[in-house]
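This report refers to the structure that appears directly beneath it.
Values quoted throughout were computed directly from the atomic coordinates according to the rules given, and no laboratory measurement underlies them. Here the structure is a predicted model, which means the values were calculated and not measured. Counting neighbours? That spans all protein chains shown, and the Cβs are built from the backbone with ideal geometry, glycine included.
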């Protein structure tokens, strides 16, 4: 900021905070806070004064980049469950691409540990579905390990038919329940 002044018939001129100055001139100032500069000019005709205010605005705060998603939300957005055929635990061809994307996400996040839950539809005995759910979770784990994920980062659990995603007795609902589901291992 530059202060500029010009006086007539003054013999002494001073600006508070700066000191004596010539009867006319310029002065560069860099106040760190808003400041009033008070000029006093004295001469044979008396004293005159004037004030100029320099307003200093603080710069806007620097925005730190933030992610709007928590680690859990990011995990859920990137890890997709895979689905199985009735009475089967072979990884279907349509699930291969999903598992490849899941593995790529896990490879780029080496500190994340995962739990794979094996789920079944309501048909069959509890014991049978616990075994089938275990086989489904193990099949998903094997596919991730084959894709380069350390087995030590993966834990499997079978829920059988005890934690259904959908409770209607329809093929569409049963299909949603025949899955290997992924969650973060806390």
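What the table below lists for this structure:
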read-out	value
Between helix 93-108 and the chain: long-axis angle, C-alpha atoms, 0 to 90°, nearest 10	40 degrees
The stretch 71-184: relative contact order in percent, alpha carbon pairs under 8 Å with at least 6 residues between	38 percent
Model label zone, residue 165; criterion: amide N under 17 Å from point 7 Å along Cα-to-beta-carbon; scope the stretch 137-155	137-141
Cα pair count fraction exceeding 12 Å, expressed as % - the stretch 2-54	62 percent
Simple label model, 7 Å out from Cα along Cβ direction - residue 186 to residue 16, nm	6.1 nm
The chain, Cα convex hull volume normalised per residue, Å³	208 Å³
At q = 0.15, 0.21, 0.24 Å⁻¹, base-10 log of I(q)/I(0) for the stretch 5-109 (Debye sum, equal scatterers on each alpha carbon)	-0.80, -1.08, -1.23
10 Å-binned pair-distance histogram of the stretch 87-163 (Cα, whole percent)	20, 47, 27, 6
Highest-first arrangement of 172-182, 133-143, 75-85, where packing means the average Cβ count within 10 Å	133-143, 172-182, 75-85
